[in-house]
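Step one of this worksheet: look at the structure below.
The values are calculated or read from the model by the stated rules, or taken from the named source; none is laboratory data. Given the structure is predicted, the values throughout are model-derived calculations rather than measurements. Please note: Cβ atoms are built from the backbone with ideal geometry, for glycine as well, and neighbour counts cover all protein chains shown. Ligands, DNA and RNA are stripped out before the accessible areas are found, and what is left, the full protein with its side chains, is counted by its heavy atoms. Shrake-Rupley method; radii C 1.70, N 1.55, O 1.52, S 1.80 Å.
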Amino acid sequence: MKFNFRPSPNYRNDQSTPAIMRDLTACLLAVLAWSIVWYSISYGVSYGIRIALMALTSVVTVEVTEALWFKALGKDWKEIKHSYGWITALIMVMIVRVDVSIYAIIMGSVVAIVFGKLVFGGFGQNFFNPAALGAATIMTSFAASVAEDVVTGPTPMTNASSLGWMLHSAEMNRFLSQFGGFKGIILGNYPSVIGGSCALLLIVILIFMIWKKDIDWRLSITYLVSVFVIATGVGLVKGAGFEFGLFNVLTGGVLFGAVFMLTDPVTTPVTIPARVAFATGAAALTLLIRWKANLPDGVLFSILLMNMLSPAIDHLFHGNQIKDADRFKKQIIGIAVVSFAICLAAAMTLTPADDKAVEEQVKVTEAFYAETCEATAENTYGCKLDGFAGELTATIEVKDGAVVAITALEGADNDNHTPDNDYFAAGALDIYKGATGPVDVITGATATGNAINEMVESALKAAK
Amino acid sequence: MSFLRGPMRKHLNGHKDLTMDKPVLKSIDPDFVWVPLCNGAAPCSSTVEIGDEVKVGTRIGERNDHFYLPIFSPVSGKVVGIEKFLGSGMTQIEHLKIENDHKHEKVRAFAEFDYEAASNEELLEFVKNAGMAGLGGAGFPTYVKYLKPENVKNFIINAVECEPYLTADYKNIEENMDLLKVGVLALFKLSKAEKGCVAIKEDKEAQIAALEAAFAGTPIEIVKVPNVYPMGWERVLVYEVTGRRYDRLPMEAGCILNNASTAIALGNAIVNGMPITHKYVTVSGDAINNPQNVLVPVGTKVCEIIDAIGGYKAGVEEALMIAGGPMMGRTVPNDQFVIQLPTNGLTVLEDKPIEQVACFRCGRCTENCPAGLEPVSIATAVNSFDYEALPRLRVLDCIECGLCTWTCPSKILVTENVRKGKRLLQTRMKQQQAAQGGKK
C-alpha cells in the first residue's frame, strides 16, 4: 500500500462543472427546439430549417475556431471539450433575429469566441459575455446582412419602441392584442429574437436550473424583480400601472437574459452582495436603453456594459461576508436607489402614446398576420386578410408587375368611415390602377388602406 | 442563509453508518507505545529517565512554557528510549517509547476530589494538573479558557462531531454518560455561566434521548443543532446556539465551549483519579476492510490498529491515510505514526484521481464559506502576489475547514490556495515586524 500526500480536504461534492454545462446545454437545446417548431408552424418549415442551420453554423464555427486556436498555441485541440464554446454559439444564435444571414452568423461567432473569450485566456477568464459580444457585433456591424427571403412580423419591442414605450393601461391591452394579449406574450406566440419569446418555457427553465443549483438564483431573481419594480414604479407615476411592469419583464430579451446571460458566472461578480448590485444595475440599464436609447431592446448592451463594471463591483464588495455585512447592505441600497432615480428621471420625458396611434399600429400588425393570396385565374389573385372590423377580401388583377384593377372588394370597413374616404365607394379603388407597390392611403382610413396595400404587395409578389 | 448571504454551511454525506452501530474494539494492547512529547506545535519535556518503571497514570512529561500541561503514561512497563519520527501533524516530533508489560498496573494520578465542595480556584488547579486538553482536535489546554470567566452567559459542551466518517465522540458519550455528567457539571461550575447546554446534531436521536435522561434535573439543557458542516466549529456553534458572533475568542460573545470528550476526561479524573490514557478513535474509510471504533492507549501505532481490525482492503494500491476526518484531517504519507491526545479518527480512503477543470467563478466557495470569505478572489490575489488585497480579503479569518474545496464543481484545490494566501500574508507581516524592529 502506498500512502500519498494530498492537502486537505480529501472529500468532494458530487456536483461538477461538466454536469452544470450539460444541464445548460440541454436547456439551450430545449429553447432551440421550441424556436424551430414555432417558426416552422408560424412561417413554414423553411424557417425552422433555417434556425437549425444557423445554430449548426455557429456551433461548428466556434468549435473549429477554438480547435485552431489551441493548435496554434501548441495545446491539445481536444481542450475544446473543457472550453464549452458551443454554449456561447447557442446563446448567440438565440439572441439574434431569424433574418440574420449565415455570413453574419459566422462573423459573429468568430468575434464572440476569439475576442470575447480566447484572447482573455479562454474559459473562465473573459471579461465580456462572449455570446452578447457576438450578437452585438452582428447587430452593429452586420445589420444590413440579412437574408432577403426571410420576413417576419413586427415584434413587441419594435412596436413599443415606435410608440415611444409609455402606454396607459387601456392602450397597453389594445397594444398587446396584436400579439394575443398577455397570453400570447407568455406562450411566445410572436416573433422576436429567436429564443427570446416564449416566457413560459424560459420560466420553466429558470426554475429547473435554480432547482438543480446550476445558476445563482439571486442574479436572475434580482434582475427580474428590479426590472418589474422599476417599470411598475415608473408606470404608476406615469399612470401606466402594473401592466407596464409586466410587459417590460415578459417581452424582449429580459427573461432569456435572466436565465442564460446574466447568470454567466465568469463575467459577473463573484460574491452574493456584488451579484445583487450587478443585477440591479443591469436592470436599470436595460430599461434606460429601452426607453431612451436608439435600440429596440436593451438587454444585450446592458449586460455588456455591466460586464465592464464587474471587477469594479467585485472590488466594492471585497471583505468578510459576516463582518462587513452592514457596509454591503448600505452599498446595495445606495445602488438600488440611484438606479431607480435615474430610470424615473429618464421616464419622466416619455409621453404616453395616444389611443389612435396604438389603434393604427394594431391594425397594421393584424393585417400583416392574416393575409393570404391565391391565384384564381390567369393574372388574377384572390386575396384575403383580417381587416379593421372583420375579414376583407379582394380580387386583384396584375399584369407586367403592375396592378390592372382591384375588384370585388368585400368586407367591413371601420365604424366611423365617411363617404369621402370610403374604399367601398365606386371608383375609390381606381387609385391602385398601374400601381407597382403600396399607394398612399386615404386620410382617415389608414387601416383599410394599409390592408389593401398589403394585399397588393402579396399579389405583386405572387405574380412574379 | 439570507438574501445577501449564502448558506455558509452544508450537509455532507457523513458515512457515519459505517461505524456508528458497531461495538468498540477495546482489546488492542500494543507491546510498545510511543507517547508524543508535544502539545499542538509546542514541544514537551520528559520527566522520566530511560529505564524507569512506569505505571498507567505515572506522570512522564510536561509542557511548561506559557501554558502548563502534564503528560501521563498510558501503559505500565519500562521507558526504553526517545525516538523522533513523523507525527500526525506532519512534523518530526519526539516520542517517549515505553515497553508495555501488559500488567495494566495503575497508579492513581490524582487524589480524591469533591468538585461540588471545592472552590473554583481549587477546581481550576485540578483541571490544570489533570492534563486536560481540548480533545476536539486542537489539543488546547483546557484550564486556560477558565482563567478569567467574566460575564459568561452560555456554557456549551460541543458534542457535534461534524467531520464525515468520525463517530468516536458519540461512542465515547454512549459508554461514559456518568463521567460526562460529572465533567460537564464541574466545567459548568467553573465557567460561572448563566446557562449551560450540550449541543448535538438533531439526527442523533438515541444519543439525544440518553443525554436528556442523564441531564434531567440539572441546569444543563440539550440543544439540537442542524446536521451540517462545520456545525462543530466554535463560531458556527456559538452563532447557532446564541445568535451572537465574535471577533477572536468565544468569550467575547459570552461563551465558553468544550468538547464532550474533554468533559468525559475530566469526569474520569474526578471520579477515578485517572488522566487521559486511552482514546476512542474511529477507523473508517473505503480502503479498509472493517471500519469501526477502537479504544487504544495514547501512543499506539496506526499500523497496529489497522492490523488488529482486519487490514487494508485488497486491490487498493494507492490510498490516503488521513489523521482525523477527510475535511480537516491531514494526510500522512505512512502508517507508522501514533495516536496523539487529540486524535479521534483515522480515515483511510482510496486515492482516486480527480479531474480538474478551469474555475469559472461560480461563487459556490464564497456562498458556502463559514467564515464569509471569497476563496476565488483570494486565489487570484495569491497567484498574482497581491499583498495589498490579502488583508482586505480577510484571508486570516480562514480556519481551513475545507468546505470551499468540497463544494468546488471544477474540483480545484481552493482551500490550498487560501492556505497559501494565509502563509504569504503571515510571512509578510513577520518580515515587516522584523524590519520595523530593526529600525528601532
Q. Taking H as built 1.01 Å from N, whose amide H comes closer than 5 Å to the amide H of A:Ala405, not counting residues under 5 places away?
A. A:Glu397
Q) Say the dipole of the range B:159-295 comes from +1 at the beta carbon of Lys and Arg and -1 at that of Asp and Glu; which of B:Tyr246, B:Asn272, B:Gly217 then lies farthest toward its positive end? A) B:Tyr246
Q: Give me the net charge of A:Ala347's neighbourhood, meaning all other residues with Cβ under 13 Å from the Cβ of A:Ala347; Lys, Arg count +1, Asp, Glu -1.
A: +3
Q) If you line up the long axis of helix A:325-347 against the longest principal axis of chain A, both from Cα atoms, how many degrees apart are they, to the nearest 10? A) 20 degrees
Q: Taking amide H positions as placed in the peptide plane 1.01 Å from N, state which residues far from A:Val100 in sequence (5 or more) or on other chains have amide H under 5 Å from it.
A: A:Ala147
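Charges at C-beta only: +1 for Lys and Arg, -1 for Asp and Glu. How large is the resulting dipole of the protein assembly as shown about its Cα centre, in Debye rounded to 20? List each step's numbers first, then the result.
On the way: 80 positive and 92 negative charges, 637 e Å.
My answer is approximately 3060 debye.
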Q | chain B: most fluctuating residue of B:Pro74, B:Pro23, B:Pro353 per GNM, C-alpha cutoff 10 Å | A | B:Pro353
Q | Principal-axis tilt of helix A:130-141 within chain A, Cα atoms, nearest 10 degrees | A | 40 degrees
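Counting Lys and Arg as +1 and Asp and Glu as -1, each charge on the Cβ, what is the dipole of chain B about the Cα centre in debye, to the nearest 20?
1620 debye
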Q. Sequence-distant or interchain residues sharing an amide H contact under 5 Å with B:Phe32, placed H: which?
A. B:Asn100
Q. Gap in Å between the Cα centre of the range A:292-332 and the Cα centre of the range B:30-64?
A. 59 Å
Q | Ratio of the Cα radius of gyration of the range A:26-117 to 2.2 N^0.38 Å, where N counts its residues | A | 1.14
Q) What residue among B:Asn227, B:Asn129, B:Asn383 has the largest mean-square fluctuation in a Gaussian network model of chain B, using Cα springs under 10 Å? A) B:Asn383
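Can you give the FRET efficiency to the nearest 0.05 for B:Ile50 and B:Arg108, using r as the Cβ-Cβ distance and R₀ = 22 Å? Show your work: numbers first, answer last.
Values: r = 25 Å, r/R0 = 1.13.
Given R0 = 22 Å and the Cβ-Cβ separation, E is 0.30.
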Q) With every protein chain in place, what's the accessible area of A:Val204 (1.4 Å probe, Å², nearest 10)? A) 80 Å²
Q) Quick one: buried accessible area between A and B, total over both chains, 1.4 angstrom probe, nearest 100 Å²? A) 5300 Å²
Q: Take A:Ile207, B:Ile264 and sort them by solvent-accessible surface of the protein heavy atoms, 1.4 Å probe, largest at the top.
A: A:Ile207, B:Ile264
Q) In sequence order, what are the phi-derived ³J(HN,Hα) couplings for the range A:70-84 according to the Karplus relation 6.51 cos²θ - 1.76 cosθ + 1.60 with θ = phi - 60°, rounded to whole Hz, with x for glycine and proline? A) 5, 4, 5, 8, x, 9, 6, 5, 5, 4, 4, 4, 9, 9, 6
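For the range A:126-183, report the translational diffusion coefficient in µm²/s to the nearest whole number, using Stokes-Einstein at 25 °C, 0.890 mPa s, and a Kirkwood Rh over Cα pairs.
Numbers: Rh = 14.2 Å.
Once the numbers are plugged in, D ends up at 172 µm²/s.
Taking GluC sites (Glu not before Pro) as exposed when DSSP calls them loop (any state but H, G, I, E, B) and at most 16 other Cβ atoms lie within 10 Å, what is the longest stretch of chain A free of them, the sites themselves excluded? Please report the intermediate quantities before stating the final value.
Numbers: sites that count: A:Glu148, A:Glu378.
Value returned for the longest uninterrupted segment is A:149-377.
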Q) How large is ³J(HN,Hα), in whole Hz, for each residue of the range B:147-163 in order, when computed from phi with the Karplus curve 6.51 cos²θ - 1.76 cosθ + 1.60 and θ = phi - 60°, using x for Gly and Pro? A) 5, 10, x, 10, 6, 7, 8, 10, 10, 10, 9, 8, 10, 9, 8, 9, 5
Q) For B:Tyr170, what accessible area in Å² do you get when you roll a 1.4 Å probe over the heavy atoms of the protein chains, rounding to the nearest 10? A) 0 Å²
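Quick one: pull the percent of accessible area on the range B:1-146 belonging to carbon and sulfur, 1.4 Å probe, ligands and nucleic acids left out. Each step should come with its number before you reach the end.
Details: 3580 of 7170 Å².
For the range B:1-146, the apolar C and S fraction of the accessible surface comes to 50 percent.
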Q: Output the Kirkwood hydrodynamic radius of the protein assembly as shown, Cα pairs only, in Å rounded to one decimal.
A: 32.6 Å
Q: Set Lys and Arg Cβ to +1 and Asp and Glu Cβ to -1, take the dipole of chain A about its Cα centre, and tell me which of A:Val93, A:Phe301, A:Pro130 lies farthest positive.
A: A:Pro130
Q) Can you tell which of B:Gly437, B:Ala109, B:Cys362 lies farthest toward the positive end of the dipole of chain B, using +1 and -1 charges on the Cβ of basic and acidic side chains (Lys, Arg; Asp, Glu)? A) B:Gly437
Q. On a 0 to 90 degree scale, rounded to 10, what angle separates helix A:217-238 from the longest Cα axis of chain A?
A. 40 degrees
Q) Among B:Ile288, B:Ile354, B:Ile98, whose mean-square fluctuation peaks in a Gaussian network model of chain B (Cα, cutoff 10 Å)? A) B:Ile354
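Ordering B:Val80, B:Val144 from largest to smallest accessible area (1.4 angstrom probe), what's the sequence?
Values: B:Val80 55, B:Val144 30 Å².
Sorted descending by solvent-accessible area, the residues read B:Val80, B:Val144.
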Q.
At a 10 angstrom cut-off on C-beta neighbours, averaged per residue, how do the peptides A:401-407, B:43-49, B:367-373 rank from highest to lowest?
A. B:367-373, A:401-407, B:43-49
Q: Express in Å², to the nearest 10, the accessible area of B:Arg392 obtained by rolling a 1.4 Å probe over the protein heavy atoms while all chains stay in place.
A: 90 Å²
Q | Centroid-to-centroid separation of the range A:107-179 and the range A:188-266 [C-alpha atoms, Å] | A | 15 Å
Q | Sparse-neighbourhood loop sites, trypsin sites (Lys or Arg not before Pro) in the range A:179-252 - DSSP loop, at most 16 other Cβ within 10 angstrom | A | A:Lys212, A:Lys213
Q) At q = 0.33 Å⁻¹, what base-10 log of I(q)/I(0) does the Debye formula yield for the range B:280-325 when every alpha carbon is treated as an equal point scatterer in vacuo? A) -1.55
